[in-house]
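Report on the following structure.
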There are 2 protein chains.
Amino acid sequence: MSSAPGPAREPPRYLSKAEAEAIEKELLEDYRFGRQQLIEIWGHACAMAVTKAFPLPSLPRKQPTVLVVCGPAQNGAIGLVCARHLRIFDYEPTIFYPKRSPDPLYQDFTTQCEKMDIPFLSYLPTEVQLINDAYNAVVDAVLGAEAEAAEGREPCAAILSTLKLIRIPIVSLDVPSGWDVEAGSSGGISPDVLVSLSAPKQCARRFLGRQHFVAGRFLPYDVQKKFELNPPEYPGTECVVALRAPRQ
Amino acid sequence: MSSAPGPAREPPRYLSKAEAEAIEKELLEDYRFGRQQLIEIWGHACAMAVTKAFPLPSLPRKQPTVLVVCGPAQNGAIGLVCARHLRIFDYEPTIFYPKRSPDPLYQDFTTQCEKMDIPFLSYLPTEVQLINDAYNAVVDAVLGAEAEAAEGREPCAAILSTLKLIRIPIVSLDVPSGWDVEAGSSGGISPDVLVSLSAPKQCARRFLGRQHFVAGRFLPYDVQKKFELNPPEYPGTECVVALRAPRQ
């Protein structure tokens, strides 16, 4: 509430994979949050983070294009919601969603984007210069914390190879694709922006990009306490906050 | 985007009951929005409107208390989500929800509030002075556009009698309770603040309160065009906007 500097805040805690799963389980089973509801909340928060990291007037290209690459599971669905809100915020998102889930919930999020005339790519250019030229940024909603099973398999392996080569900024949702939730990455993608969902995961300590946002404002206070999250202070009614100031 | 005055905008269109229902049907059936998702979006937007109409530092009482009165149907569920976000925004909501729906979706929204330690009143004081003294404002999420069937029946009739007598500001969600969606009201409650969901309904022309917010930023552009909504301009990433400046 006050703008006067208060006592120093404890830094937020970085979660293990088991802790992150326990929080999601508690939200779903004890608090009775719905998956549709959580994905909407997280996807909206990710779009808000993109608007903060890449404000419309700051974009280097004439068109406010953003490529949103969505994986087959929950992280991909959050990317779909992020794309929809980016469209509402006057960006021009394009979605690449090569492996669509048969889950009706994810299909509904897909329909919302399709009906809003957000274009879907039928393939990702292997010539990375085409991506560098066409978009201002890429949202990596490929794997998130669901990495292990899908990482080595197509189409994810090919996408990761492409993402490693591109030069435009990458915004990773929760866990950069291909990174281990706890150990992080060696030789993986290097996102410019990381948006941690609910709370940072341990791999975020290895994040060396420009801005690290946390999207956990919606969390019940008892969950924050039980898991000793030491959440950052969210100003006003903001749903995301940057953990460190951007390096200018 | 620009702060310079642009060409005059057409005023937003005020919807008939049939049009409002057609928009909701289109969102649910064609765009495949989920009810859980829409209620979350609307409830969050209503909480944002409350923070704009009654900023924390402006509240007359020491505690940032708000009474949220929830009816049995969808408007009540939106009130529950509004209360949850008000709690996240550091308000102290109290809920009165006398007739709980057996719908599992609404039960889940109720559980979220209960588990977040938002108090539920077991009865509404008939002595209105107790309400005037205890709360800074009342959110009327009783009937909304679902008025006809429930209005004359208990507990809604008693709640409306009480709301007519209280002196603290009322924030009505979508349609002030007891008002006809199109004709408005004679002798009904007189809210200070109205939050129109998606777009204003015809009754909003009779609204004489301080601030009229519209919470329709999420609407697909094609829906805005098809129903000729002429939506207001939402600044930045705001999900609600006031149609007229507050009378100071």
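Residues that are among the charged types (D, E, K, R) and either at pLDDT 95 or above or part of a loop (DSSP other than H, G, I, E, B) (or both) within region A:193-229 comprise A:Lys201, A:Arg210, A:Arg217, A:Asp222, A:Lys225, A:Lys226, A:Glu228, listed in sequence order. Select from region B:87-131 the residues that are within 22 Å of B:Ile159 (Cα to Cα) and among the hydrophobic types (A, V, I, L, M, F, W, C) and list them in ascending order. Answer for region B:87-131, where residues must be within 22 Å of B:Ile159 (Cα to Cα) and among the hydrophobic types (A, V, I, L, M, F, W, C): B:Ile95, B:Phe96, B:Phe109, B:Cys113, B:Ile118, B:Phe120, B:Leu121, B:Leu124, B:Val128, B:Leu130, B:Ile131. From the residues in region A:106-142 that are of a type in the set (Ser, Thr, Tyr) and part of a loop (DSSP other than H, G, I, E, B), which one is farthest from the other protein chains (Cβ to nearest Cβ)? It comes out as A:Thr126.
Filtered by the rule that a residue be more than 21 Å from B:Val68 (Cβ to Cβ) and touching a residue at least 40 places away in the same chain (Cβ under 8 Å), region B:227-245 gives B:Phe227, B:Glu228, B:Leu229, B:Asn230, B:Pro231, B:Pro232, B:Glu233, B:Glu238, B:Leu243.
Going by the structure shown, is A:Pro93 in a loop (DSSP other than H, G, I, E, B) and more than 26 Å from A:Leu219 (Cβ to Cβ)? No: the conditions fail for A:Pro93. Entry remark, region B:92-105: residues being hydroxyl-bearing (Ser, Thr, Tyr) and either out of contact with any strand residue (DSSP E or B) (no Cβ under 6 Å at 6 or more places or on another chain) or within 11 Å of chain A (Cβ to nearest Cβ) (or both) number 1 in total. Applying the set (1) surrounded by fewer than 21 Cβ atoms within 10 Å (Cβ to Cβ); (2) among the charged types (D, E, K, R); (3) closer than 23 Å to A:Ala49 by Cβ to A:Lys115 leaves exactly one unmet item: (3). Applying the criterion of being in contact (Cβ under 8 Å) with a residue 12 or more places away in the chain and facing another protein chain (nearest Cβ under 10 Å) to the residues of region A:22-37, the residue that is nearest to B:Gly34 (Cα to Cα) is A:Gln36.
Would you say B:Ile41 is away from chain A (no Cβ under 12 Å), touching a residue at least 60 places away in the same chain (Cβ under 8 Å) and not in a strand (DSSP E or B)?
No, not satisfied.
Is it true that A:Pro232 is assigned to a loop (DSSP other than H, G, I, E, B), closer than 15 Å to A:Tyr14 by Cα and not hydroxyl-bearing (Ser, Thr, Tyr)? Give the derivation first.
Values: assigned to a loop (DSSP other than H, G, I, E, B): yes; closer than 15 Å to A:Tyr14 by Cα: yes; not hydroxyl-bearing (Ser, Thr, Tyr): yes.
The answer is yes for A:Pro232.
Considering region B:53-66 alone, what residues qualify as being in a loop (DSSP other than H, G, I, E, B) and free of Cβ contacts under 8 Å to residues at least 12 places away in the same chain? Result: B:Pro55, B:Lys62.
Quick grid of which residues meet (1) within 14 Å of chain B (Cβ to nearest Cβ); (2) not β-branched (Val, Ile, Thr):
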residue: A:Val181; (1), (2): no, no
residue: A:Ile189; (1), (2): no, no
residue: A:Asp192; (1), (2): no, yes
residue: A:Arg217; (1), (2): yes, yes
residue: A:Pro220; (1), (2): yes, yes
residue: A:Lys225; (1), (2): yes, yes
residue: A:Asn230; (1), (2): no, yes
residue: A:Val241; (1), (2): yes, no
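Being in a helix (DSSP H, G or I), farther than 24 Å from B:Pro200 by Cα and not aromatic (Phe, Trp, Tyr) is a property that does not hold for B:Arg100.
Considering region B:77-109 alone, what residues qualify as being hydroxyl-bearing (Ser, Thr, Tyr) and in contact with a helix residue (DSSP H, G or I) (Cβ under 6 Å, 6 or more places away or on another chain)? Spell out how you get there, then give the answer.
Looking only at region B:77-109, we keep the residues that are hydroxyl-bearing (Ser, Thr, Tyr), and these are B:91, B:94, B:97, B:101, B:106.
B:Tyr106 - this is the single residue of region B:77-109 that is hydroxyl-bearing (Ser, Thr, Tyr) and in contact with a helix residue (DSSP H, G or I) (Cβ under 6 Å, 6 or more places away or on another chain).
The residue pairs whose first member lies in region B:76-96 and is under 13 Å from B:Pro119 (Cβ atoms) and in contact (Cβ under 8 Å) with a residue 60 or more places away in the chain, whose second member is among the acidic types (Asp, Glu) and outside any helix (DSSP H, G or I), and whose beta carbons are closer than 6 Å, counting only pairs six or more residues apart or on different chains, do not exist in this structure.
When we screen A:Val81, A:Val69 for residues that are buried (at least 21 other Cβ atoms within 10 Å of the Cβ), at the interface with chain B (Cβ under 10 Å from one of its Cβ atoms) and not in a loop (DSSP other than H, G, I, E, B), the only hit is A:Val81. Among the residues of region A:45-58, at least one is farther than 30 Å from B:Cys113 by Cα, in contact with an Asp or Glu (Cβ under 7 Å, 6 or more places away or on another chain), within 14 Å of chain B (Cβ to nearest Cβ) and of a type in the set (A, V, I, L, M, F, W, C).
Is it the case, given these coordinates, that A:Leu121 is more than 22 Å from A:Pro64 (Cβ to Cβ) and aliphatic (A, V, I, L, M)? For A:Leu121, the condition - more than 22 Å from A:Pro64 (Cβ to Cβ) and aliphatic (A, V, I, L, M) - is not met.
The values are calculated or read from the model by the stated rules, or taken from the named source; none is laboratory data. Remember, predicted model here, so these are calculated numbers, not experimental data. Positions of Cβ are generated from backbone atoms using ideal geometry, with glycine treated the same way; all protein chains shown enter the neighbour counts.
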